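Colleague: Below are the C-alpha cells for one structure; questions will follow.
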Amino acid sequence: MSSISEHTFVSPVSSDGLRTSSNTPVSYCGAVTLARSERVLAELYERRASAPYEELTLTVSSCGGPTGAAMYLYDTIRTIKMQLTTIGTGDVDSSGIVVFLAGTRRLISPRTTLLLHEAGRHFDPHQRFTARELDAMAREDRLKDEQYASVVAANASNLSVSDVLDMMRDNTVLSPDDCVKFGLAHALVS
C-alpha cells in the first residue's frame, strides 16, 4: 500500500516536474450534473490560464448522477491533456467515479468508498411510456453501462470491462485499499 504523508497540492514540485499549486483545490462536491461539470471545468480552465505550469487539483466527493455529465468532464479533461490530480474523499459513487478517474494522478483518502452499480432511472409516477420507449431507454442504459465500465477498466491496472460490469451488477463497494490494488487510485493520502 502506498501512502503520501502530506497533501500533494502543497508540495512545491510533483514527480513530473510540474509546480503544484498552493491554492485551494477545486472541489467537485455533490451530485454529478452538467451544470456542476461546466462550473468545475470553467474554474480549472481559469486556474490553468493564470498559472499554466502549476498542477491542478480537484477534490471529488459525489453521490453520482447522470453518466453523460460525468463523461463530459472526463472526456474534456482527457482530450485537452490537462495535468490534474484528483483526490477522492468521502463517498465517490456511481458517475462520481468517472469524475475521480479524470485525474492523471489519483489519490484517495483512507475513509473513502466507491460504489459501482448499473444505470437506473427515476420516473415520475404520472409519466406514461410505450414498450418501444422503455426498450429504447433500456438499450441506452446498457450502452451507458458499457461506456462506464470501459472508462473504469481503462484506468485500472488489472480489471477488464467484463470484471467491472460484474462489479456493477453486484453493487460493489470498493475500499481505498481496493482502489489502490486495482490501480484506480495511485496512492492513499494520509
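No value in this document is a laboratory result; all are computed from the given coordinates. Bear in mind the structure is a predicted one, so any value in this text is a computation, not a measurement. Using ideal geometry, Cβ is built from the backbone for each residue, glycine included, and neighbour counts are taken over all protein chains shown.
Colleague: Could you rank the peptides 98-104, 151-157, 65-71 by their average count of other C-beta atoms within 10 Å per residue, with the highest value first? Please list the in-between numbers first.
Modeller: On the way: 98-104: 25.4, 151-157: 17.4, 65-71: 20.6.
In decreasing order of mean packing, 98-104, 151-157, 65-71 become 98-104, 65-71, 151-157.
Colleague: To continue, here is another question. I need the peptides 165-178, 124-137 ranked by packing, meaning the mean over residues of other C-beta atoms within 10 angstrom, with the highest value on top. Could the numbers behind the result be given before it?
Modeller: Working: 165-178: 15.6, 124-137: 8.7.
Order by mean packing, descending: 165-178, 124-137.
Colleague: For the residues Y45, Y148, what sequence is obtained by ranking on other C-beta atoms within 10 Å, fewest first? Please report the intermediate quantities before stating the final value.
Modeller: Numbers: Y45 14, Y148 25.
In increasing order of surrounding Cβ atoms, one gets Y45, Y148.
Colleague: Another question, then. Gain in length, S50 to L143, computed as 0.36 nm per residue apart minus the alpha-carbon separation, to one decimal in nm?
Modeller: Numbers: separation 93, 0.36 × 93 = 33.48 nm, distance 3.85 nm.
Gain on extension, S50 to L143, equals 29.6 nm.
Colleague: Another one. At a Förster radius of 41 Å, what calculated FRET efficiency corresponds to the Cβ-Cβ distance of T79 and Q127, to the nearest 0.05? Please list the in-between numbers first.
Modeller: Working: r = 35 Å, r/R0 = 0.86.
Between T79 and Q127 the formula returns 0.70.
Colleague: Taking every DSSP beta bridge with both residues inside the chain, roughly what % is antiparallel (nearest 5)? Walk me through the intermediate numbers first.
Modeller: Numbers: 3 of 26 bridges.
Just about 10 percent of them are antiparallel.
Colleague: Another question about this same structure. Can you tell me which of L107, L58, L44 moves the most in a GNM of the chain? Springs connect C-alpha atoms under 10 Å apart.
Modeller: L44
Colleague: Something else: Using alpha carbon centroids, what distance separates region 22-98 and region 109-168, in Å?
Modeller: 20
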